[in-house]
Every structure is written in structure tokens, then in C-alpha cells.
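Everything below concerns the one structure shown next.
Read the figures in this text as sums done on the coordinates, not as results from a lab. Nothing here was measured: the structure is a model prediction, and the numbers come from that model. Glycine gets a Cβ as well: all are built from the backbone with ideal geometry, and neighbour counts include every protein chain shown.
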There are 2 protein chains.
Amino acid sequence: MTGRPRDPAVDEAIRRAAVDLTEQHGYRGLSMEGIAALSGVSKQTVYRRYRSKGEVVLDALAGYAFTHLPTPDTGSLRGDLTALLTATFAGQQGVNGTLNRALAAEAVQDQAFAALLWEKLIAVRRESVRELLARGRARGEVAHPDDEFLLDLVYGPMWYRLLFDPAALTPAYAAELARSVALVAAGTRP
Amino acid sequence: MTGRPRDPAVDEAIRRAAVDLTEQHGYRGLSMEGIAALSGVSKQTVYRRYRSKGEVVLDALAGYAFTHLPTPDTGSLRGDLTALLTATFAGQQGVNGTLNRALAAEAVQDQAFAALLWEKLIAVRRESVRELLARGRARGEVAHPDDEFLLDLVYGPMWYRLLFDPAALTPAYAAELARSVALVAAGTRP
DNA sequence: ATTTCAATACGAGACGGACCGTATGTCAAC
DNA sequence: GTTGACATACGGTCCGTCTCGTATTGAAAT
């Protein structure tokens, strides 16, 4: 009934191999075969845990990447957004950005994977900002009734630039975006 | 020097095959082999014209998809944006949306292709909106100095939803986005 | 307490198949 | 007759599955 338990070290080795390979050869150069080879396990062992290389990367990223999200409290919505976005953008410059873009590429071609990505990663980030909005609303800074739309306004430009021009995600861009979102949030919807 | 000229009918057949295959089997199911087979030419003939399936799709899309972009003139920036975005969003619901998402997936993994996509498709769309902004500026509706940022505010949310949840691109969403962009555009940057 | 047994994980490898990208010929158009 | 379009053939990579033999667990039987 129970059987032999899975080796946790193997989990770690697989995720590590996926990240390393992506860093070195790009997501293009990442393959299930390569992951198995580098982590020193058989393909079967990888396929037992993940159905695709996308799921491996997603798991690796969801694990340690955004556990250390700051949830700043500067006293104003604009300040909070600036702080959060600056930190988030900075985190997208290295391997992290490459992995995020890879996930987007995967999601685009696989509806089920898109749902998984949304749940495991995107929804989490949205929740952070939703919290900032709630605090702003309590302070009377947010009159706009549609949180979902405001969240799109925050993360839309980020993904847009992340996909097509990651270098544009500077602190200045974060500040400008934060300012604009705060402005829209302050207004009611006519 | 001259040699045998390329058959224009072959060009058309290749693009058509790529679109049809993507429509039927998704971008996942699209391959250079499949394109060659369906269009009734050899792989070599396809590779002579395009280096990847992404380039085929890009060429097919750049050709006929956005030649009929409306450049509305309703008298206000908000009205113009609403009209343009409503039309654009509507055009992203069918195969067109699938093809656009496919291009994004390709761009993410290939820097050169990203540049090509930007030039052939994205820059064109940005130019349309830039025109609307210029007209708005002439009318005194636009005080914000950074057109590039405003363009990101327009297209960022669109791509974000196009990637993760295409069904969200409704006329109501277009109107809301247009309203927000107009609001930000009206303010100066402090 | 020891033995047996079912269930599961693991490493290794083989497999058919899809697709890639290229090299090698043939032939049509100038 | 030179140029380049076109078709065929080929080696290579990766996919996803399958088969072995072995190892590790818990539970049931002795």
C-alpha cells in the first residue's frame, strides 16, 4: 500500500539541474533528457514527478523565488507600490527573468499549464498587491471599485516588457508605473 | 545571375498551411515538416524562405492581419482609444489571437526573433496609438511627457490578458483601459 | 520478533516516432 | 550553361513509454 517513499534529495537535484541548464543554455536548450542526465537520475524518475520541463521550472521557481517578497508599508499606496515594484523588477533581471519568460512561453501553448502557472505564481503576486490596495482603500486613497483591473494595470506593463524588453524594467519605470496606478486608483469609475 | 524565380504561389501556400495547421492543431502542433507537407512543397523550399516556423507565422500575420487597423477620430483621446482597443481586442479572439500568442512564445526564447516581431508587428501597433496621443496632445488632452510609457500602459494589459486569459479582452475592458490611459495622459509627471 | 508480501521508487537502457536542419542530386528558367 | 528552385535522403536530438532488475518501505502472517 505504501511502498518505498520518494527521495527528497532527488526532487532537489532535479529542480537544481533544470535551473542550471536554463541558466547556461537557455530555455531552448532545456530538455527532460538533459535534466535527467545532469541530476543523475533516470528519465522515468523525472517523468514520475513532472509531466513537462515547464512543470519542473514552475516548481523550482514557485519554491524559493517569491517566498521573500517584500510587503512594504510606507504609509501611501504610491510608496508601497514603488517599493514592491522596484524589488520585483530587480528580481527579474537575472536567471529569474529567464525562467519567468520560459513559463509564459509554455503557458501560451498549453491551457492547462496556463491555469497552473496562474495559480502557483501569478495569483500569489496579485495577492500581494491586492493587500496594498486594501490598505490604501482603508486610508481613503483608493476610490476605484475594480481591484482586478488595477492589478492588470500593475502587472500588464511588467509582463509586456519582461517578454519583449526586460532591460526596460528599471527603478524609474517602477516609480512611474506606481505613480500612474495610484492615480487611476484614486479616481472613481464614472 | 538571375536563375529560376521563386513561385509566388508557393509563398502563399506556405503561409496558408501554417495558419491552417495552427488553427487546427495549435501552435504546438505546427512544424516545418507539417507546413511543407500540407502546402505540398519540400522542406528545403520552406527553409529557403523562412528560418523557423515563427517567421512563417509572423509573415502570414504581418501580411493581412493588421492592414485594416482603424485609426478612429472621435474627437477625444478617450473615445479614440476606446474605438481602437475595442476593435483590436475583438480581433484577438479567434485564430488571430492564437497566432499572436505563438509569436510571443517564440520571441521569449529568441532575442533575434523578438526584435523582428517588435519591428514588424508591435511597433506598427504602437505607432497607431502614438498618432492618437499626438492628436490628443494637439487638443490639450495630453500633458504627460512620456509617450513610450503611455503606450506600455495601453498594450501591457492587453498582452498580459492575451497570454493568460484571452477571454477577458471584452469591449468593457477596452473602455475601462481607454479611460484609465486617458486619465494618466492628462496628468503631468511631477 | 521474524518472515513474507504487496506496493512503490529508483537506475539503466531500449524502443518507435516526430521533428530538426543540412547535404546531395535533378531540373526549370533565364 | 549558369543560376537557383525544387525534391529526396540522411544523421541527430529529444520525446514519451516500456521493460528489467534492484531497493526500500509498511502491513500482514507466522
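A few notes on this one:
- Average partner coverage of B:106-113, which counts Cβ from other chains inside 10 Å: 4
- Of A:ASP59, A:ASP73, A:ASP146, the one that fluctuates the most in a GNM where chain A has Cα springs shorter than 10 Å: A:ASP146
- For region B:119-131, 3J(HN,Hα) per residue [Karplus equation, 6.51 cos²θ - 1.76 cosθ + 1.60, θ = phi - 60°, Hz, x = Gly/Pro]: 5, 7, 10, 5, 4, 5, 5, 4, 4, 4, 5, 4, 5
- Theoretical FRET efficiency, 1/(1+(r/R0)^6), r = Cβ-Cβ of B:ARG48 and A:THR188, R0 41 Å, to 0.05: 0.10
- Between B:VAL154, B:VAL142, B:VAL41, the Gaussian network model of chain B with springs among Cα atoms under 10 angstrom shows the greatest mean-square fluctuation at B:VAL41.
- Principal-axis analysis of the Cα atoms of chain A puts helix A:95-109 at an angle of about 80° to the longest axis.
- Furthest towards positive pole of dipole, A:ALA36, A:ALA107, A:GLY97, structure part chain A, Cβ charges: A:ALA36
- Between A:LYS43, A:LYS120, A:LYS53, the GNM of chain A built on Cα springs shorter than 10 angstrom shows A:LYS43 fluctuating the most.
- Taking Lys and Arg as +1 and Asp and Glu as -1, the other residues whose beta-carbon sits under 13 Å from that of A:GLU33 total +2.
- 3J(HN,Hα) from dihedral phi, region A:137-148, Karplus parametrisation 6.51/-1.76/1.60, rounded to Hz, x for glycine, proline: 5, 5, 7, x, 8, 10, 9, 4, x, 10, 4, 4
- Sites B:GLU141 and A:ALA115, calculated FRET efficiency, Cβ-Cβ separation with R0 45 Å, nearest 0.05: 0.65
- Rounded FRET efficiency, nearest 0.05, which uses the C-beta distance separating B:ARG28 from B:GLU148 and R0 of 41 Å: 0.75
- Percentage of interatomic Cα-Cα distances in chain A larger than 24 Å: 46
- The overall shape of the protein assembly as shown, judged from the alpha-carbon gyration tensor, is oblate: a/c is not under 1.5, and a/b is no greater than b/c.
- For region A:8-60: rounded, prolate or oblate by the Cα gyration tensor [a/c cutoff 1.5]: rounded
- Crossing angle, helix B:77-90 versus chain B [Cα axis fit, 0-90 degrees, rounded to tens]: 30
- Three-way shape label, region B:65-154, alpha-carbon gyration tensor, a/c 1.5: oblate
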